[in-house]
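To keep things clear, I will list the structure first and then write my remarks on it.
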Amino acid sequence: MHIVIMGCGRVGSTIAHILEDQGHSVAVIDQDADAFRKLRSGFKGRKITGYGFDRDVLIEAGIEEAEAFAAVSSGDNSNIISARVVRESFGIQRVAARIYDPRRAEVYQRLGIPTVATVRWTADQMLRTLLPDGAESLWRDPTGKIVLAEVAYSERWLGEKVKVLEQATGARIAFIARLGQALMPEPGTVLQEGDLLHVIAQESDLERITAVFAKRTEGGH
């Protein structure tokens, strides 16, 4: 898949290298041409000098064929404006914006744009937002039989209650990460856009659970 990244600082260059190593095509946008020096000499992706909220710059970066966009520049306003332009003008659904001011997170989440706060940032978090596929194991018991994992889910599950998710998958929802905070869900808690879902289950059952969460069909499980 093709992925566009705005911002070629430490965060942007790290994500670009990881994605390229995974076989994805990558384009990196930065207003400062010198920033591209952070990319390794063998980087094969596109390097575009300009602003990530400029439509012409985005088109040059290949946004029209992209499947994901990451806004990881040093400015909150630039990141959120770029993310909105990409989401609303080009219809890209997998969009993530890095923020420095966590007080803005709730506003951004209401716009339907997942955010990753700088203090809590890891490359793994951002990549799981851009590439929501499968489950990421976070903990397992000494025997290796029980795991705590963050699980990606189809947007068709949004609006459903936790008890429905548990009944459909046979998994126990351990907690939900929402707006940078961990939430212990009640049976009636509703899954919202941007929520990170964590389940606890038998390791041998995780693949089946992941498949159910990923492929919910219209009108059913």
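Can you give me the ranges of the strands (runs of 3 or more DSSP E) entirely in region 1-51 with at least 1 residues that are at negative phi and among the hydroxyl-bearing types (Ser, Thr, Tyr)? Please lay out each step first, then the result.
Numbers: elements: 2-6, 25-30, 46-49.
Because the criterion is at least 1 residues that are at negative phi and among the hydroxyl-bearing types (Ser, Thr, Tyr), the strands (runs of 3 or more DSSP E) in region 1-51 that meet it are 25-30, 46-49.
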Pairs, first more than 17 Å from Asp54 (Cα to Cα) in region 1-28, second modelled with pLDDT of 90 or more and of a type in the set (S, T, N, Q), C-beta under 7 Å, six or more apart: His2/Ser25
Qualifying residue in region 53-75 (condition: in contact with a His (Cβ under 7 Å, 6 or more places away or on another chain) and either under 22 Å from Ile99 (Cβ atoms) or outside the structural domain of Asp101 (by TED's automatic domain parsing) (or both)): yes
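Would you confirm, using the coordinates I've provided, whether Val86 is of a type outside the set (D, E, K, R), part of a strand (DSSP E or B), in contact (Cβ under 8 Å) with a residue 24 or more places away in the chain and under 30 Å from Gln181 (Cβ atoms)?
Working: of a type outside the set (D, E, K, R): yes; part of a strand (DSSP E or B): no; in contact (Cβ under 8 Å) with a residue 24 or more places away in the chain: yes; under 30 Å from Gln181 (Cβ atoms): yes.
Judged against the criteria, Val86 is not a match.
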Close pairs from region 31-42: first under 18 Å from Ser78 (Cα atoms), partner in a loop (DSSP other than H, G, I, E, B) and basic (Lys, Arg), Cβ under 6 Å, at least 6 apart: none
Checklist (1) at pLDDT below 85; (2) surrounded by 16 or more Cβ atoms within 10 Å (Cβ to Cβ); (3) not hydroxyl-bearing (Ser, Thr, Tyr) applied to Ala174, failing item: (1)
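Could you say which residue among Ile15, Ile29 is surrounded by 22 or more Cβ atoms within 10 Å (Cβ to Cβ) and over 30 Å from Gln181 (Cα atoms)?
Values: Ile15 fails: over 30 Å from Gln181 (Cα atoms).
Criteria check complete, one pass: Ile29.
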Residues of region 149-190 satisfying the condition of being under 16 Å from Thr210 (Cβ atoms), in a loop (DSSP other than H, G, I, E, B) and under 16 Å from the mean Cα position of the chain (by Cα): Ala152, Tyr153, Ser154
Residue satisfying condition, being over 20 Å from Gln93 (Cα atoms) and touching an Asp or Glu at 6+ places or on another chain (Cβ under 8 Å), within set Ile176, Ile209: Ile176
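The values are calculated or read from the model by the stated rules, or taken from the named source; none is laboratory data. For clarity, every value in this text was computed on a predicted model and none was experimentally measured. When we count neighbours, we look across all protein chains shown, and the Cβ atoms used for this are built from the backbone with ideal geometry, even at glycine.
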